[in-house]
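Structure first, commentary second.
The values are calculated or read from the model by the stated rules, or taken from the named source; none is laboratory data. Not measured: the values here are computed from a predicted model. For neighbour counting, all protein chains shown are included, and Cβ atoms are generated from backbone atoms with ideal geometry for every residue, glycine included.
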Amino acid sequence: MLSQGAFKLQADAAPPRKPTAAAIAARASFVDIAAAAALGPQWSDLAADAAEPNPFYAPALLLPAFVAFGADDLRLAIIRDQNERLIALAPVAPLRGYSRLPVRYLATWMHPHCFFAAPLIRKGCEKEALAALFDLVEKDGAFFRLAHLDASGPIFAAARDVAAATGRRAADSNPYQRALLKGGFETEAYLQNALRGKKRKELRRLRNRLEEDGAVAFETLADGAALAAWTIDFLALESAGWKGREGTALACDPAAATFFADALIAAFDRGSLRFHRLTHGGKPIAMIVNFIEGGAGYSFKIAHDEAYARYSPGVMLEIEMMKTLERESGLSFIDSCARRDHPMINALWRERRTIAALNVSRRDAPSKLLFRLLTGLEKAGEARRARLSPPVRKEADDGDL
């Protein structure tokens, strides 16, 4: 792990140059993560112009993640065009063991609190950037894994095309669907279609019952001076619940808690943080953290006070949050980042997003033969796990709709 001071963005770094009409000649290289901050405003500019905006790979979240979770073998792949303009960026790290075979491969990096891993690629540069990236990792492991992509997104499609055009094999891996809320909705109309009338009536009754014992308020963080207190409240709320009992709450891991606090500060400064809470008598009973980057929203963390579980405070919070999202300018969608079988959010948000990895082979024949074996074993394993899936975990959810 590296010191926090190593990652302060350098405001005096060279500004990105304007693209020329000439065809892009992409050049890829690895840089040590300690040098990542030197990318400065070029990185921020890339994140704002990405074909698939990804706050988890924007500097506000990725730099604190490097500090908290980065290992010695983690590197940053950067791709520039012929004018030295930054057109792509992705953290990559080696992994070992695949389909129960002792192979080493390279993958886009995901720390424990990263829920989307599309490389930042400038709009219109997808194929050039991916071709350069595949060449860069060609000899570094048995194959390359692009983890956690939108299976219907431009990067997934371009990666398949580039693999085929350059004599490589490509295979999707571990696809699953998670709840998605598309922009342009009106909350009341949406809920009428999503929830039964009986359930909507029950939620109104619970809200009224709760208000009999104290004022209920929905709040959105607006003042940066209050961020530290909100962060402490969230960590306490989460650790008091089932995640705390199982040791998976952020506060159970000092590195994760520090990452959370630092990421929220950086995201607030960048303008991508959306932090909401539901209070009862002034006390937070449910809180949620979202990030919105380039019109793409990601629901990051949610917590609720289990003493209020009978009132479904998490559902109340989600519904109030939807009302604020109606007014979010340019919002294309917000991804729940939930597991595939989450009963609460799956009932509340009816759209779905398919998330999948894409594995890309090397060009040589022996590697492609091994790739076919590995992907075949993986598909067999996926089918077996689907048959043996455990039942839905109820205690993790607030308000089964």
Qualifying positions in segment 286-299 - buried (at least 24 other Cβ atoms within 10 Å of the Cβ) and in contact with a His (Cβ under 9 Å, 6 or more places away or on another chain): Ala286, Met287, Asn290
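Given the criterion within 27 Å of Ala58 (Cα to Cα) and either among the acidic types (Asp, Glu) or at pLDDT 95 or above (or both), identify the matching residue among Phe218, Phe234.
Working: Phe218 fails: within 27 Å of Ala58 (Cα to Cα).
The match here is Phe234.
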Verdict on Ala131 being without any contact (Cβ under 8 Å) to a residue 24 or more places away in the chain and farther than 23 Å from Glu293 by Cβ: no
Hits in segment 123-135 (condition: buried (at least 20 other Cβ atoms within 10 Å of the Cβ) and touching a strand residue (DSSP E or B) at 6+ places or on another chain (Cβ under 8 Å)): Cys125, Glu128, Ala129, Leu130, Ala132, Leu133, Phe134
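Any residue at all in segment 273-293 that is assigned to a helix (DSSP H, G or I) and not assigned by TED's automatic domain parsing to the domain that holds Trp43?
To start, the set of residues in segment 273-293 that are assigned to a helix (DSSP H, G or I) comprises none.
So far as segment 273-293 goes, no, none of its residues is assigned to a helix (DSSP H, G or I) and not assigned by TED's automatic domain parsing to the domain that holds Trp43.
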Criterion violated by Ala236 - all others in (1) touching a helix residue (DSSP H, G or I) at 6+ places or on another chain (Cβ under 7 Å); (2) under 29 Å from Ala257 (Cβ atoms); (3) part of a helix (DSSP H, G or I) satisfied: (1)
Single residue of Leu331, Leu264 found to be surrounded by fewer than 23 Cβ atoms within 10 Å (Cβ to Cβ) and of a type in the set (A, V, I, L, M): Leu331
Single residue of segment 48-81 satisfying the filter (among the aliphatic types (A, V, I, L, M), in contact (Cβ under 8 Å) with a residue 60 or more places away in the chain and part of a helix (DSSP H, G or I)) that is nearest to Asp253 (Cα to Cα): Ala68
Among (1) part of a helix (DSSP H, G or I); (2) farther than 30 Å from Leu325 by Cα; (3) not charged (D, E, K, R) - the single one Asn174 does not satisfy: (1)
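Quick check on this structure: which one of Ala48, Ala71, Ala77 is in the same structural domain as Ala158 (by TED's automatic domain parsing), surrounded by fewer than 23 Cβ atoms within 10 Å (Cβ to Cβ), small (Gly, Ala, Ser) and under 17 Å from the mean Cα position of the chain (by Cα)? Spell out the reasoning first.
On the way: Ala71 fails: under 17 Å from the mean Cα position of the chain (by Cα); Ala77 fails: under 17 Å from the mean Cα position of the chain (by Cα).
Just a single option satisfies the conditions, and that option is Ala48.
Scan segment 341-361 residue by residue and report those that are of a type outside the set (A, V, I, L, M, F, W, C), more than 17 Å from Met322 (Cα to Cα) and at pLDDT 95 or above.
In the first step, residues of segment 341-361 are kept if they are of a type outside the set (A, V, I, L, M, F, W, C); the result is 341-343, 346, 350-354, 359, 361.
After this cut, where a residue has to be more than 17 Å from Met322 (Cα to Cα) as well, the list is 341-343, 353-354, 359, 361.
Within segment 341-361, Arg353, Thr354, Asn359, Ser361 qualify.
Take the conditions without any contact (Cβ under 8 Å) to a residue 24 or more places away in the chain and at positive phi and apply them to Gly40. Does it pass? Don't jump to the end; show me each part of the working.
Working: without any contact (Cβ under 8 Å) to a residue 24 or more places away in the chain: no; at positive phi: yes.
Judged against the criteria, Gly40 is not a match.
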Some residue of segment 246-257 being among the polar types (S, T, N, Q), out of contact with any strand residue (DSSP E or B) (no Cβ under 7 Å at 6 or more places or on another chain) and surrounded by 17 or more Cβ atoms within 10 Å (Cβ to Cβ): no
Considering residues of segment 89-122 that are of a type in the set (Phe, Trp, Tyr) and either in a strand (DSSP E or B) or not assigned by TED's automatic domain parsing to the domain that holds Ala147 (or both) only, the residue surrounded by the fewest Cβ atoms within 10 Å (Cβ to Cβ): Tyr105
Residue that is nearest to Gly70 (Cα to Cα) [pool: residues in segment 123-146 that are assigned to a loop (DSSP other than H, G, I, E, B) and of a type in the set (Gly, Ala, Ser)]: Gly141
Failed condition for Thr258, given (1) farther than 22 Å from Phe69 by Cβ; (2) in a helix (DSSP H, G or I); (3) among the hydroxyl-bearing types (Ser, Thr, Tyr): (1)
